[in-house]
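FYI, it's all coordinate maths here, none of it is from the lab. Bear in mind the structure is a predicted one, so any value in this text is a computation, not a measurement. In this analysis, Cβ positions are derived from the backbone assuming ideal geometry, glycine residues included, and neighbour counts consider all displayed protein chains.
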């Protein structure tokens, strides 16, 4: 079976581990380990009758729920079949521009979508994974002259960034990118922003109506542990979203996903439980990883940790699967990282302890 380019491929990992996919402890996909919220489970158990009808093609109720969550107009929202679908349409627009600035290393699906439409890409390398994103980048400086003409360039920025977990503050994004006429289209992928409590959030959604060139893409699958339902949304100017709607297939979001999305965004108890879990579990995991010889830890801000290894990650990944049924995310799909980096999700404290024990044993054997 071909090596996956994305985390969470349990069938591939189970074949190596020679076990059922359900027997694996999956650190490769950064999904909330608390599982599906009770509010979503209640909807799913009551929804079978709804499957006999087509989804609302306008997703009016889902849009209203998302709009209430962000305090914006529903017309500025387009639900999608996961964030990946919406990023595809964003990349179609980016491909129409002179060039698109892309941070590397970065999510491999960006390359797929940009290449599909023949986009011209200018790669900007992150060189220090322990520092905030934008101050270290070689992006064009902001142009402050009032007569500056907006240029036909785009930028696709993942904030917080995958795989480093670093972030740029909303004000930095505003100063360096949104207020910079160099960019006629700014796409912000905020797939992991939900893992930052509101008091720590660096989302630019509150400024969406001030910047017609801005698109924000969000995912609901990671925070609410529903990757199998495929649900995300874009927030952008209604004219842009109407154009995207004409490009895509009808009924992109299935009925179950739409109904779950309507309830989870208002599930304050689940959100509070998630923030409490992450605040308790992540520091313990980072501290324990830092004690393992041969590893360098880049903790970042959200629910995963990037790790540099002195030893082959392909071999380490295989050993962990075969001997411990633990699945870590290799970083081979991030071309700039290769076989000396891996990424692990933050899971429960018990699971994290199991990971640390497995890494300690296997790295000792590899020395």
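Multiplying the sequence separation of residue 117 and residue 18 by 0.36 nm and subtracting their Cα-Cα distance, what value in nm do you get?
Difference between extended and current length: 31.7 nm.
Order of 331, 19 from fewest to most other C-beta atoms within 10 Å?
Final ranking by Cβ density, sparse to dense: 19, 331.
Fewest to most neighbouring Cβ within 10 Å: what's the order for 31, 36?
36, 31
When 314, 193 are ordered from fewest to most other Cβ atoms inside 10 Å of their Cβ, what list results?
Ascending number of Cβ neighbours within 10 Å: 314, 193.
What is the ratio of the Cα radius of gyration of the stretch 272-325 to 2.2 N^0.38 Å, with N the residue count, to two decimals?
That works out to 1.31 for the stretch 272-325.
Give, in whole angstrom and from largest to smallest, the semi-axes √(5λ) of the equivalent ellipsoid of the stretch 229-310, with λ running over the eigenvalues of the Cα gyration tensor.
Its equivalent ellipsoid spans semi-axes of 38, 19, 11 Å.
Compute the distance in nm between two label points, each set 7 Å from the Cα along the Cα-to-Cβ direction, one at residue 201 and one at residue 151.
Here the answer is 3.2 nm between the modelled labels.
Rounded to a whole number, what is D in µm²/s for the stretch 1-83 from Stokes-Einstein with the Kirkwood radius over alpha-carbon pairs (25 °C, 0.890 mPa s)?
Reported coefficient: 149 µm²/s.
Multiply the residue gap between residue 315 and residue 2 by 0.36 nm, knock off their C-alpha separation, and tell me the result in nm, one decimal place.
111.1 nm
Quote the FRET efficiency, to the nearest 0.05, computed for residue 280 versus residue 51 with a Förster distance R0 of 51 Å and r equal to the Cβ-Cβ distance.
0.85
Which percent, to the nearest 5, of DSSP beta bridges fully inside the chain are antiparallel?
50 percent
Let me know the shape class of the chain, please: from the alpha-carbon gyration tensor, a ≥ b ≥ c as square roots of the eigenvalues, rounded when a/c is under 1.5, otherwise prolate if a/b is greater than b/c, or oblate.
Oblate, because a/c is 1.5 or more while a/b does not exceed b/c.
Want the number for residue 322 to residue 68: 0.36 nm per residue separation, take away the alpha-carbon distance, what's left?
Full-extension gain reported as 86.8 nm.
What Kirkwood Rh does the stretch 49-266 have if only Cα atoms enter the pairwise 1/r average? Answer in Å.
About 17.7 Å, per the Kirkwood formula over Cα pairs.
At what distance in angstrom do the alpha carbon centres of the stretch 149-182 and the stretch 79-133 lie from each other?
12 Å
Report, in whole Å, the centroid distance computed from the Cα atoms of the stretch 302-321 and the stretch 9-37.
Here the two parts' Cα centres lie 15 Å apart.
Given the stretch 49-266, what percent of its DSSP beta bridges are antiparallel, to the nearest 5?
30 percent
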